[in-house]
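Notes follow once the structure below has been shown.
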Amino acid sequence: MFKKVFPLSAILSLRFLGLFLVLPVISVFALELEGSTPLLVGIVVGGYALTQAIFQVPFGTMSDKIGRKPTLLVGLLIFLVGSVICAYSTDIYTLMIGRFLQGAGAIGSVITAMISDLVAEEIRGKAMAIMGASIALSFALAMGLGPVIGAKYGVEFLFILTAVFAVLAIILLFTKVPTPPKIKHTYHATTKTSDILKDPNLLNMIIINAMQKGLMTIAFVLIPIILTSDAFAWEKSDLYMAYLPAMVFGLVAMGPAAVFGEKYNKPKEIFLASIALFVASFLIMGLTDSSFVFVVGVVFFFVAFNMMEPLVQSMITKFAKVHQKGAALGISNSIAYFATFIGGTSAGLLLGISDRETIGISVGVVAFLWFLWTLRLQNPTKYSHLYLPQEDVDTTKLKNLESADIAEWYINDTEKLIIVKYATDAIQKDDLISQISK
């Protein structure tokens, strides 16, 4: 599994590392450019999430139709061009175009879908945890290295590094990433992309993903501003003392949460525990006068986010039909990026009209209402996959395989296998084999 997942995680991590490197310093850099205004600087910083939201669905759908690798190449090339434009921009509008292009190379959902193609569903949670951990490590490295490299060599050099990372990602794509198996899918009813939003299970996961990402942006707006304000008077160079322990505890919590949610089929319990920590984190950050306790709130937030992240992505790939994984992840990530953009904008507006205590309580109340809503969720049906040689299966019997306990079946043309996804508690493996064997 690791050999299949690591190259894809490395590609995504290189991309995020380049984006994260500029986060601590891009606003200062943008303010010095010709034509700059505070509003345009805000668009430069947040515009990336906006174009990510717009292009997640097209890229996800395109990957279902023309293949994952060609789609990844297109996305990485767009990201590369955007990074080069940012590096050589001399006015705010050119920088804005570059940032929009960086976001337009929206390959996150394609990589997640490709991992689901290459890794068996039973161990997909661990694969998502590896991917999530690599992104978290990229963020931790970027927060430490970005300000240092930017101060010594200039922000332009950070964008050049980002372009270099894109080239390295393309090399990895064609030297280390295996080609996914060619899948044929046959269904008795026509399925459309719009059906994704009609599936209550998928819709629930999409909403959870959006709420999680919206709270993330709110936290990243509030944490540095509050710690460097008169309330705590930290220096910017001291912020690592809040982020470092939070990242460590978050990474430690991610593995057990993924195992418990996947192996024991208890994602609902993990979601509820995560949301409870979100509530606690914002209340603590809003109400405490102790910097130590504030950091505890930051740790709670990162633990909650990292516990939830791999499970959300894994659940979406489980509920989606095999030919709609890319589209489902694209829709989910698109809505999540809109929530990211809205969360950051809302946090900025609230800081201008309200105090820290009111903001903490308000966000905590919203998160608590989310907790109450999540109580209505049910853990998913536990499915297993039956893998049979294509030559041993009677295709006539297979086409007549109609049952509420059969989620789907499809053909792996590359490996000449028939795969049937069935409810473990309702169907015995031997009985299923006898129904479709020659």
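The values are calculated or read from the model by the stated rules, or taken from the named source; none is laboratory data. What you see is a predicted model; the values in this text were computed from it and never measured. Every residue, glycine among them, receives a Cβ derived from its backbone with ideal geometry; neighbour counts consider all protein chains shown. We work out accessible area using only protein heavy atoms, side chains counted, and drop any ligands, DNA or RNA first. Shrake-Rupley method; radii C 1.70, N 1.55, O 1.52, S 1.80 Å.
Kindly indicate the residue of region 395-414 that is part of a loop (DSSP other than H, G, I, E, B) and touching a Lys or Arg at 6+ places or on another chain (Cβ under 9 Å) and also modelled with the highest pLDDT among those meeting that condition.
Within region 395-414, the subset part of a loop (DSSP other than H, G, I, E, B) is 400-405, 413-414.
Next cut, touching a Lys or Arg at 6+ places or on another chain (Cβ under 9 Å) only: 413-414.
On the way: 413: 75, 414: 72.
Ranking the qualifying residues of region 395-414, first place goes to 413.
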Subject >> Residue in region 76-107 that is least open to solvent (accessible area, probe 1.4 Å), counting only those that are assigned to a loop (DSSP other than H, G, I, E, B) and more than 16 Å from residue 50 (Cα to Cα) >> reply: 89
Original post:
Here is a list of conditions, (1) at pLDDT 80 or above; (2) buried (at least 23 other Cβ atoms within 10 Å of the Cβ), and residue 325 meets all of them except one; can you say which number that is?
Top reply: (1)
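Looking for whichever is under 29 Å from residue 224 (Cα atoms), modelled with pLDDT under 80 and of a type in the set (Gly, Ala, Ser) here; the options are 286, 348, 343. Which one fits?
348
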Original post:
When region 252-266 is examined, which residues are found to be assigned to a helix (DSSP H, G or I) and at pLDDT 80 or above?
Top reply: 252, 253, 254, 255, 256, 257, 258, 259, 260, 261
Original post:
From the list 427, 411, 353, 361, which residue is touching a strand residue (DSSP E or B) at 6+ places or on another chain (Cβ under 7 Å) and more than 30 Å from residue 104 (Cβ to Cβ)?
Top reply: 411
Original post:
Can residue 102 be described as modelled with pLDDT of 85 or more and under 25 Å from residue 327 (Cβ atoms)?
Top reply: yes
**OP:** Return only the number of the condition from (1) more than 30 Å from residue 196 (Cα to Cα); (2) in contact with a Gly (Cβ under 9 Å, 6 or more places away or on another chain) that residue 327 does not satisfy.
**Re:** (1)
Subject >> Given (1) under 30 Å from residue 78 (Cβ atoms); (2) at pLDDT below 85; (3) in contact with a helix residue (DSSP H, G or I) (Cβ under 8 Å, 6 or more places away or on another chain), index of the condition residue 192 fails >> reply: (3)
Subject >> Flag if residue 36 is in a loop (DSSP other than H, G, I, E, B) and either open to solvent by 10 Å² or more (accessible area, probe 1.4 Å) or more than 30 Å from residue 319 (Cα to Cα) (or both) >> reply: yes
Original post:
With respect to the numbered conditions (1) open to solvent by 40 Å² or more (accessible area, probe 1.4 Å); (2) of a type outside the set (Asp, Glu); (3) modelled with pLDDT under 85, which one is the sole condition not fulfilled by residue 242?
Top reply: (1)
